[in-house]
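Asker: One structure, pasted below without further comment.
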Amino acid sequence: MKFCKLSYRLLYDAVVYCIYEKEDDLTMSTANRNVVIAWKNGKKAANGRKSLWTDGKWLYSYRLPIGFRTSNGICVLGNYTRSTGGFRSQTTSCHIGKARGQVCNELIWHPAVFEASKDAFAQDTLPTKEI
């Protein structure tokens, strides 16, 4: 089933939320900023073009995992931008820029470290607490 609800925000212009309900699986279609906030809160969301999306645990730019949220709620971001030599695309750099404001600086990792840590993320073994 598909439900659309128009929600007017006081600080910004109107945002349209489309909620898809499938076996208690809710996904919200929204702006990039709100996708990042949903990821930080462990919720599923995607932007209108589905180029930035989260399953509540991983944050993706297209199909590239760029962030991980531990079961403790700690968010770690891979810095796939030109400054680290891990540049993938301008859009991915913009997605990372939006996520940066929601993540502690110590938890923005070089892409090589982020890639090497994916197995530990999958087992949800690191990090254990915010630095």
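The values are calculated or read from the model by the stated rules, or taken from the named source; none is laboratory data. For clarity, every value in this text was computed on a predicted model and none was experimentally measured. Cβ sites come from the backbone with ideal geometry, for glycine too, and all protein chains shown count toward neighbours.
Asker: On the given criteria, is G42 surrounded by fewer than 16 Cβ atoms within 10 Å (Cβ to Cβ), in a loop (DSSP other than H, G, I, E, B) and in contact (Cβ under 8 Å) with a residue 12 or more places away in the chain?
Answerer: On the way: surrounded by fewer than 16 Cβ atoms within 10 Å (Cβ to Cβ): yes; in a loop (DSSP other than H, G, I, E, B): yes; in contact (Cβ under 8 Å) with a residue 12 or more places away in the chain: yes.
Yes; evaluated as a whole, the condition is true for this residue.
Asker: Would it be correct to say that T81 is of a type outside the set (A, V, I, L, M, F, W, C), modelled with pLDDT of 90 or more and out of contact with any Asp or Glu (no Cβ under 9 Å at 6 or more places or on another chain)? Step through it out loud before you land on a result.
Answerer: Values: of a type outside the set (A, V, I, L, M, F, W, C): yes; modelled with pLDDT of 90 or more: yes; out of contact with any Asp or Glu (no Cβ under 9 Å at 6 or more places or on another chain): yes.
Yes; evaluated as a whole, the condition is true for this residue.
Asker: So V36 fits all but one of (1) assigned to a strand (DSSP E or B); (2) in contact with a helix residue (DSSP H, G or I) (Cβ under 6 Å, 6 or more places away or on another chain); what number is the exception?
Answerer: (1)
Asker: Could you check the range 67-88 and list, in sequence order, the residues that are in a strand (DSSP E or B) and either out of contact with any Leu (no Cβ under 7 Å at 6 or more places or on another chain) or farther than 17 Å from K118 by Cβ (or both)? Can you show your working first?
Answerer: Going through the range 67-88, the residues in a strand (DSSP E or B) turn out to be 67-69, 75-78.
F68, R69, G78 - these are the residues of the range 67-88 that are in a strand (DSSP E or B) and either out of contact with any Leu (no Cβ under 7 Å at 6 or more places or on another chain) or farther than 17 Å from K118 by Cβ (or both).
Asker: Looking only at residues that are assigned to a helix (DSSP H, G or I) and of a type in the set (F, W, Y) in the range 99-128, which one is modelled with the highest pLDDT?
Answerer: Our first condition is that a residue be assigned to a helix (DSSP H, G or I); within the range 99-128, this holds for 99-100, 105-107, 111-116, 118-122.
Those still in the list that are of a type in the set (F, W, Y) too: 114, 121.
Details: F114: 91, F121: 79.
The qualifying residue modelled with the highest pLDDT is F114.
Asker: Separate question: Look at the range 54-63 and say how many of its residues are over 16 Å from Y80 (Cα atoms) and buried (at least 20 other Cβ atoms within 10 Å of the Cβ).
Answerer: First, the residues of the range 54-63 that are over 16 Å from Y80 (Cα atoms): 54-57.
Cutting the leftovers down to buried (at least 20 other Cβ atoms within 10 Å of the Cβ) gives us 54.
So the count comes out to 1.
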